[in-house]
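This report refers to the structure that appears directly beneath it.
FYI, it's all coordinate maths here, none of it is from the lab. Since this is a predicted model, take the numbers as computed values, not measurements. Positions of Cβ are generated from backbone atoms using ideal geometry, with glycine treated the same way; all protein chains shown enter the neighbour counts.
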Amino acid sequence: MYKFPIIVFEGIEGTGKSFHINNIQKYLVKKKIKFIKFREPGGSKNSEKIRNLILNNNSNYKTLTDLFMYMAARNENYHNIIKKYYKKRIILIDRFTDSTLAYQHYGMGIDKKLILNLNKIILKKIKPNFTFVNTVNMKNLKYRINNRKKNRYDKFNIKFYNKVQKGFIKLSKNKKNYMIINSNLSIFENKSKIINKVKSLISI
């Protein structure tokens, strides 16, 4: 149990991360619990500018360029959000360090040590207290992506998303501070499961 944990929602596209993090936001507002919520890439003012560069459909950056832009956005969030609210409010994050490892290392093949070292330089010793990893089968993924407005990261092939998802699962394997959420199941069943877990994480 934590007073003000960092709770992260991870997963590939179309897994319901944003839906569930918004439900937790509503729960915390109802209970009058202090929290801050942001997304990556994005979050702080400068990070949102970087997000627009990364996800723009006309962008065509090299993989290392992508990585450094994600890290630049995270650095802005560290100084403008995370450091300010760490251990003072619950911090909810829609994608964080595991997304960088899953996409840039497992998906794109960038050296894992480089990513870990950059995260350590930026975040110091700050790490998530709990992570929900949302998963989806490739059939549902394809359907969900095709039924929404696409950005640059919605346009990879299924093989790439499969590699990334396997990366997320590998990162969470046998770790007590992770919960895998199967988004192929009822969204309401998962909503209840996630809220109950958050209740057990926070001391109120």
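Couple of notes before you dig in:
- Around residue 107: net Lys/Arg minus Asp/Glu count, Cβ-Cβ under 15 Å: +3
- Shape of the range 98-204, Cα gyration tensor, a/c cut at 1.5: oblate
- Remark: for residue pairs 62/113; 127/173; 45/159; 34/125; 34/170; 30/87, the C-alpha separation exceeds 25 Å in 45/159; 34/170.
- Correct option for Cα extents along the principal axes in Å [calculated from the coordinates] among [x] 46, 38, 32; [y] 54, 35, 32; [z] 41, 40, 35: [x]
- Rg [Å, one decimal], Dmax [Å, integer] - the range 36-93, C-alpha atoms: 12.2, 39
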